[in-house]
Structure formats: C-alpha cells, structure tokens
Amino acid sequence: MKDKCAGAANLTTPTLKVKKCPACNEDVEVFSTDLEVKCRNCGFIIYNELESCIQWCKYAKECVGEELYKKLKKEG
C-alpha cells in the first residue's frame, strides 16, 4: 500500500509553495506539511488549505507514519 499511494505523495515528500501574505504582501514559504506559517515580516498567520487522504484513508497512519499522521489529522 505504502509504495503505491499517490494521495500521500505531497506529505511524504513535501512540496513548497510561495504565497503572498494578505496583510503585508510579503512572500511566505509554505510546505505541503505545514498547517500554518507565520509571516516573518508582520506576524500574520497564513493557513495551508490542506486537504489530504489523512482525513479519510484507513491506512493513513501506516502510510505516512504516526508523527505526521497526528500532526495532520483533524479531530472533529
């Protein structure tokens, strides 16, 4: 399962996006595994629009590992 799961690709090998801070327009680096990042210029919190298989796949903990699973799993 672990070797064939395309849904976890951005979680097991993080990708980087550069977003603009909505408060000061500064570039902010956000990795695919970040839930939130603070702008170094003004302190505004930028949230990652993270939608992943972690929320629904019964193999998620096994696939990405317990530490990353706990970080990304939304309890609700």
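Restricting attention to segment 61-76, report how many residues are within 18 Å of Asp34 (Cβ to Cβ), part of a helix (DSSP H, G or I) and either at pLDDT 80 or above or not hydrophobic (A, V, I, L, M, F, W, C) (or both).
Final tally of qualifying residues: 6.
Taking the conditions exactly as written (modelled with pLDDT under 80, out of contact with any Ser or Thr (no Cβ under 7 Å at 6 or more places or on another chain) and not acidic (Asp, Glu)), does Cys53 satisfy them or not?
yes
Please work out which residue is modelled with the lowest pLDDT, limiting yourself to segment 1-38 and to residues that are under 25 Å from Lys61 (Cα atoms) and assigned to a strand (DSSP E or B).
Taking the candidates together, the pick is Glu36.
The values are calculated or read from the model by the stated rules, or taken from the named source; none is laboratory data. None of the values given here were measured: they were computed from a predicted structure. Note that each Cβ is placed from the backbone with ideal geometry, even for glycine, and that neighbours are counted across all protein chains shown.
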